[in-house]
Structure formats: C-alpha cells, structure tokens
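Note sheet for the following structure.
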Amino acid sequence: MNNLKSRLAKEKRFKLYGIASITLALFLLTLLFVSIFSQGYTAFQETKIQLNINFDEKIIDPTKTKDWEIIKKSNFNLLIKNSISELFPEVSGRSKKRKLKKIISNSAEYQLRDYVKNNIEVIGTNQKIWVLADDDVDMLIKGHINRALPENERRIDNDELKWIKFLESKKLIKKFFNKTFFTSGDSSESEQSGILGAFIGSLFALSITLILSFPIGIATAIYLEEFAPKNNKLIDFVEVNINNLAAVPSIIFGLLGLAIFLNFFGMPRSVPLVGGMVLSLMTLPTIIISSRAALKSVPPSIKEGALGVGASKIQAVFHHVVPVALPGMMTGTIIGLAQALGESAPLLIIGMVAFIVDIPQTMTDPATALPIQIYLWADTPERGFVERTSAAIMVLLVFLIFMNSAAVYLRKKFEKDIG
Amino acid sequence: MNITTILIIIGLLGVSAYYTGIRKSLVLREERLLHSTPVYHGAILAVNSSLASILFIIIWIFLEKNIFLELSSSRYILFIISILIFILTAVITFKKIKHEFKARDKLEKIIELFLLACSTLAVLVTIGIVLSVIFESNKFFSAVPISDFLFGTHWSPQMPIREDQVGSTGAFGAVPLFTGTFLIAFIAMCIAGPIGLMSAIYLSEYASKKVRDIVKPLTEILAGIPTVVYGFFAVIVVAPFIRNAGQHFGLEIASESALAAGLVMGVMIIPFVSSISDDVINAVPQNLKNGSLGLGATKSETIKKVIIPAALPGIIGGLLLAVSRAIGETMIVVMAAGMSANLTANPFEAVTTVTVQIVVLLVGDQEFDSPKTLSAFALGLVLFCVTLILNYIALHIVRKYREQYE
C-alpha cells in the first residue's frame, strides 16, 4: 500500500487537473471574446471629413430649372474637387490632386446627390457637409495605422499624413457613430459596407424556418408522444431517424437542398426562401426532441383529469397538455432558431454566398446571411474589413445571447408551471 | 394567376364554408341536440373542402413539373378546377350535416392523420438525403471507379477545359482528404477529450453547487458560438500565434496549419464532451461511490477506479459523438485549414478535409455533368456514412449503458 502522504498528494493533483482544465476552457472563452471585441469595437465609429461645399448652379443646374432629371446627371465629383482645392490651395499637379481627392470616400458624390435631391433649395449656396473618409484614413484616425512607422511601411504616405494633420488641427475630421454599418449592404470599399443586407437575408431565412419547423416540429412531437402506438416497429424507426438526423453534419443538409430543392424542383439559387427551407430541415430534430421532453414532463394527471370528465383524446391533448408544455416547446424552438442563425455551411452550398450590394426586398431576391457575411469579410485581408468582421460577429452574438436568454426565461417559466 | 392568390381565395372560401356549416347546424339544433357541436360541423366543412382542392393543386403542380411541361402556361385552368373541386366537396359535406353526423370524430381523425404525416417528414428527409447523395455519386462513380476514389492518393479535381489540354486530367483519389480530416479530428479530440472530461469530473464530483451553477452555463456558451466565429478566431488569433511560436523554436509552420484548425475545433467540442460525460457520471449509482469511499479510498481513487470504469461505455459513446461532430464540422476548417490536398501526418502543414473540398467544389458555377461537381456528392456520401455509423454506435452504447443502471 502506498503511504497516505503520496495518496493525498495524488488526490490534490487530480483536483488541480480538474481546476486547470476548467480554467483553460474559461480562459479560451474569454480570449475569444476579448480578441473579437478588441479587434472590432472601433468599427462602431466612422471617420468623416467636413467639407465646405459650394453647390454651384453652373455645375449642377446649368438650365436653372431645378429639374431633378438634369441635376442627377451632373458632376457632383467636381463639387468635392473644388471644395478640397479651396481647403488645400497649395496642392498642385494632377497626381497630387488625385491623391488628395482619395482621402474622401468615393461614396461622397452619391451622398451629395442624395442631399441635393432632398434639399433642392441648397443649389447656389455654400453648405458645410460631413462626408465619409476613405478607409485608410479611417484606420489612421482609429489608430490602426502606426504614424511612427517609416513611410514605405504604412498605407498612408507622408503627404496624406500632412493633409490629415492639417484637417485635425482645423477640427475638420471627426469620428461619428457608424450609421453606414447598420444601414447599407456589402461593398468592395470597407468604409461603405454594412450588415443590413445580410441581416435582412438572415431575417427572411429565419422566418421561413420558423413558419415551417415550428408547426411541423411540435406536430411530430405531439404525435410521437401522445398518439403513436407503443412498441410499433415503424414508430421506433421514425424515432431512430430523428435522433440520427440531429447528428448529421449540417453540410449534408446543404447537399440535400442543392440536389432536391435546386436541381430537382428548380428553385432559384442564393435566395433566403430555399435557405430557410434547408435550415428548417436542420432545426426540425432539435425542436422535435425538446418538444417531446416538454410534453413528457407535463404531469399525466392533467390529461387524465380531462379524459375523466369525458374529453376526447384530441381535446385532452390540445386543450390541456399542449398549453402547459408550450413554453417548453418554445424553448426548444428558440434554441433551434439560434442554431440556424449561426449556421453557414448549408447556406454556402445552396449559393447564398455572393457579393450582393443590394438589400434584399423579398424572399426570392439573392441574399447572404449574417454568418456568411462574416465569412466573406474574414476572407478579405484589409484592416477595415477585419474590423467589420469582428463588429458583425458582435452583432450576431448579441442576437444569439438575446435568443438564448429568452429560451432560458421560458424554460424557468415552464419549470415553475409544471412545478 | 399565381399560386399564392389561389391559396388566399381557397382560404377565404374556407372561412365562408365554416360559417355556412355553423349556420346549418344551428338551424338543426333548434329541433334537438346534435352529435357534435356546431363548431365542428363548420370546421369539417371548411377542412374537407380546402384539403380536397389543395391536394388537387399539389398533384397538378407535381405533374406539371414532371410530365406536362407545356401546361404550365394554363394556370387559370388549375384555378377554375380547384375552385370547382372545393365547391363540390363542400356541397357533398354540407348535405351530410344531420343530427347523427359525427363531425367531431371525423375532424379528429383528420387531425391525427395530419400529425402522423408531419412525423413521417423526418423519415422523408433522411430518404431525401440518402437518395440525392447516392444518385449524384452514382453518376460520379460511373466516370471514376470507386476504388480509385477510395484508395487513390492524389487529389486534384480540376478537369481540363479543352479536350487537348495538357496536364490536368483530374485525379480523384480521396485518401489525402480522409487523412486530413482524421488528423484535424484527432488534434481536436486531444484537446477536447481531456479538458472536457476533467472539467465534467471536477464539476460533478468536486465543485460546490454554487460554482457549478456559475461555471456550467459559462462553458456551455462555447457550444452556442457559431462555428464561423471560431473560424475567424483561428485565422486571426490562433494561427498567427502558432506560427510565431514555431518561428521561436525554429519550426516552419504553414499559416493554414492543421494544428490551428484542430486546436480551435477542440475548443468548440469541449462543452459537447463535458455535458455528455457529466450526464453519464451522474448516472453512476451513488452506492457504488459510497462503497468505495467507505473502504477508505480517496475521492480521486474512487473516480479513477470506480466511477470512470463504470461510466466508461457512456464516456466512449460521448467521445464518438464528438468525433463525428469534428469530422462533419465545416466552417472552421474552410477558414483555417487550407485547400491543398497534402498526404501528411505533420500537424504543422496545411491539409484539407472532406468538408472543405465539398465547399470548394460546390461554391461558384457548377455543371452537373462534370465529375468535379459530382465528386462533392461522393464525398458527401462518405461523410454521411461515416458520421451515421459513428452516431449509431455511440447512441447505442449510451442507451445500453443507461439501461444497465436503471
């Protein structure tokens, strides 16, 4: 027999292994959150530059009719160019001027056009307008580009740095809350890209998933738990099937969607409708399994009471058992939907991965989804997109946390109800 | 005339049928009581007729898609016939409404059939998966022999664009993909196995209730994080860290190494292993533990000599489920493991996996007659079979184990 001392030392060590592994798991969780947050929190701000724009009648409304059809074709870029040359009169030469223009995002001319469309009376006046800065300038202002580096190692060269310093000294460059990020679709320029398109895509797909999988899922659960004949080979087969489907890799559901929905039924590619259908097949087992658990935990006395006073089986189940089990079933549904929201592999296979600038209007417009947008941006090495990837992840996580808290709340309520 | 409009019109007709049924049975009830309440008479009228016409529409569309393609321009005929069917069924059912008519029994039968139909959907999905995967891979195997696919060691699915093009004839030996998949899954299990198991043991045997109530939900957060987030984490934090560490020790590590993908996948699987282990450890009867503790064994000795051997089948089942999860995981490897099919056991090199290749082959333009696209389905078939077998064994072991102690 070993002596007691070494046995107790072993005991202590074993316990330490346990603590170490939990600490490691929690450390990795924290590291994940911290790294994503530290990469991404700056994306919630955007850098803008104030320009004093002269809405010259000669340029944008030569006919003086204030006719939008003519105005919209005019050269708003020229307005920006004029305004910048006024600000930096010392800059000369074509290439320098072009470089100077580049510190402003190329979305600025569309911003001015929309501004004029909404305020037609500004023609002929001077207005101070904040326009988006280019993504490199944005990165510099947010401190992601080190100003102390030698010129050839940073994306902003000395000229540009000098101009930005001038703008800073005049307080003409400032950070604002990043509205663009929440109100626009994807773009090849990081300062103009946003998550609204992907968000709407996810919303469409998830609503299809909810509409399909919630009724079918709980109907299946009710049948298997309350009506199915016991010890029936066929029903056993259905049950084994559902348990297996729950563990089938999600990408296989993508293959199913591609072969059946797209090739066989000829549905369109890249649309949230098909995405939602594939996701609903994937979440169905989750909903069925948890709904069955909820039904099983309803005390049998409730059903027996109803049957005892002469209700039919359907009435007993639908009027008495299901209402009690409903919060529990909803818990499972929300957890299934949260899974579907974070899922990307099957959507990749059915083609919901594309560069889509427009915000989808209907279920059958090509769209991406939030996790796909994250995947697409993560592929882009530019620092501006790294920042937006992290920010999109944060938005996704906020939704997931919200959904899971709702699930926890409903579960607590359910447990209290069946007490 | 589109389908949505037809369905809306049928819905409206259904509502009016419902009220017609109620009105007739209310009139009948003036004489004496009916078998079923008026609500059921209304409902059976509405449900019967709308079901009949919706069934007709479904059959029509199915035929239209497969046989009479030229009919698709004549949607208005579909519209008229479906309305006629609705009215016909409604009239027949309406005539049936009498005092003795068992409307409730009929309706309940329909509801039960509906529930049954819903529960067969899961089976249909499985059949759909099996059929679609087998059908497409069958086409693939007629172009590439199955033995070349399963045992070939060279994977380069680029097909020649022109007939006379030199060099790329396409090679579909999937062995490098299988080894890559297993290498990454192995690394993941090396992380998730010990950490998941030890944290489950600590939480169920040592930790106070308070600690458990806080720590358990926290570790389960790991399971709720989308895999694309793990992929990003692997690319932006873990891979650079490993590369720098490797440089420090003079090792050459690819920026898309199997190690980075495997490590992050391991982190993802930790809660999976720990929650299953937790379940099976808690299922070990208390008197087994008490017996060992009563003989003077320390807690760790009890765990090592009594609890773990007793819970071993369950733990192995849980680990197998985790392996199947690791094999089928897609986004982490797509983002962190790379595309090049190297036949290597070196975790510092870039490898590719079955799931990565499925994504690579199917994203973008596809032609469904080229072996390149079809090979994705063959890979899917292998993936489906392997995970199915693993899941089946695992669930079987876990269930057997539970019965043992019940």
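The values are calculated or read from the model by the stated rules, or taken from the named source; none is laboratory data. Just so it is clear, the model here is predicted, and its values are computed rather than measured. We place every Cβ from the backbone using ideal geometry, glycine too, and count neighbours over all the protein chains shown.
One table, with the values for the structure above:
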read-out	value
Answer from A:31, A:16 - the residue that is assigned to a helix (DSSP H, G or I), closer than 18 Å to residue B:198 by Cα and within 14 Å of chain B (Cβ to nearest Cβ)	A:16
Selection within segment A:349-364 - within 12 Å of another protein chain (Cβ to nearest Cβ) and either within 22 Å of residue A:294 (Cβ to Cβ) or buried (at least 22 other Cβ atoms within 10 Å of the Cβ) (or both)	A:349, A:350, A:351, A:352
Any pair with Cβ under 7 angstrom, 6 or more apart, that starts in segment A:30-53 at a residue that is under 30 Å from residue A:125 (Cα atoms) and touching a residue at least 24 places away in the same chain (Cβ under 8 Å) and ends at one that is in a helix (DSSP H, G or I) and among the small types (Gly, Ala, Ser)	A:51/A:83; A:52/A:83; A:53/A:83
Counted residues, segment A:365-376 - those being over 10 Å from the mean Cα position of the chain (by Cα) and within 9 Å of chain B (Cβ to nearest Cβ)	1
Where a residue in segment A:113-133 is assigned by TED's automatic domain parsing to the domain that holds residue A:82 and its partner, wherever it lies, is of a type in the set (A, V, I, L, M, F, W, C) and part of a helix (DSSP H, G or I), with Cβ under 6 Å and at least six apart	A:113/A:76; A:131/A:108
Selection status of residue A:415, within 22 Å of residue A:189 (Cβ to Cβ), surrounded by fewer than 17 Cβ atoms within 10 Å (Cβ to Cβ) and either at pLDDT below 85 or outside the structural domain of residue A:294 (by TED's automatic domain parsing) (or both)	no
Contacts under 8 angstrom Cβ, first residue in segment A:152-173 being polar (S, T, N, Q), partner in a helix (DSSP H, G or I) and surrounded by fewer than 15 Cβ atoms within 10 Å (Cβ to Cβ), 6 or more apart	A:158/A:151
Unmet criterion (only one of (1) over 30 Å from residue B:172 (Cβ atoms); (2) surrounded by 15 or more Cβ atoms within 10 Å (Cβ to Cβ); (3) under 23 Å from the mean Cα position of the chain (by Cα)) for residue B:117	(2)
Flag if residue A:43 is within 13 Å of another protein chain (Cβ to nearest Cβ) and among the small types (Gly, Ala, Ser)	no
Boolean, residue B:195 is within 25 Å of the chain's Cα centre (by Cα), touching a residue at least 12 places away in the same chain (Cβ under 8 Å) and under 21 Å from residue B:276 (Cβ atoms)	no
Output for segment A:134-159, where each listed residue is over 31 Å from the mean Cα position of the chain (by Cα) and hydrophobic (A, V, I, L, M, F, W, C)	A:148, A:149
Filter pass, residue A:265 being of a type in the set (Phe, Trp, Tyr) and within 21 Å of residue A:203 (Cα to Cα)	no
Candidates B:283, B:336, B:310 - the one that is buried (at least 23 other Cβ atoms within 10 Å of the Cβ) and either under 19 Å from residue B:404 (Cβ atoms) or within 14 Å of another protein chain (Cβ to nearest Cβ) (or both)	B:336
Condition met for residue A:339 (within 17 Å of residue A:196 (Cβ to Cβ) and either surrounded by 24 or more Cβ atoms within 10 Å (Cβ to Cβ) or within 12 Å of another protein chain (Cβ to nearest Cβ) (or both))	no
Matching helices (runs of 4 or more DSSP H) fully within segment B:188-256 where at least 1 residues are surrounded by fewer than 22 Cβ atoms within 10 Å (Cβ to Cβ)	B:209-224, B:239-248
Identity of the residue in segment A:251-267, small (Gly, Ala, Ser) and more than 7 Å from chain B (Cβ to nearest Cβ), that ends up surrounded by the most Cβ atoms within 10 Å (Cβ to Cβ)	A:254
Residue satisfying condition, being under 26 Å from the mean Cα position of the chain (by Cα), outside any loop (DSSP other than H, G, I, E, B) and either modelled with pLDDT under 85 or closer than 28 Å to residue A:328 by Cα (or both), within set A:198, A:205	A:205
When residues of segment B:112-145 are limited to those that are part of a helix (DSSP H, G or I) and more than 23 Å from residue A:258 (Cα to Cα), the one farthest from the other protein chains (Cβ to nearest Cβ)	B:113
Residue satisfying all of: in segment A:312-343; free of Cβ contacts under 8 Å to residues at least 40 places away in the same chain and touching a Gly at 6+ places or on another chain (Cβ under 9 Å); farthest from residue A:367 (Cα to Cα) among these	A:316
Of all residues making up segment B:177-206, the number that are among the aromatic types (Phe, Trp, Tyr) and within 13 Å of chain A (Cβ to nearest Cβ)	2
Condition met for residue A:389 (within 14 Å of chain B (Cβ to nearest Cβ), surrounded by fewer than 19 Cβ atoms within 10 Å (Cβ to Cβ) and farther than 30 Å from residue A:294 by Cβ)	no
Segments classed as helices (runs of 4 or more DSSP H), wholly inside segment A:102-190, with at least 2 members that are under 30 Å from residue A:200 (Cα atoms) and in contact with a strand residue (DSSP E or B) (Cβ under 8 Å, 6 or more places away or on another chain)	A:108-118, A:135-141, A:179-183
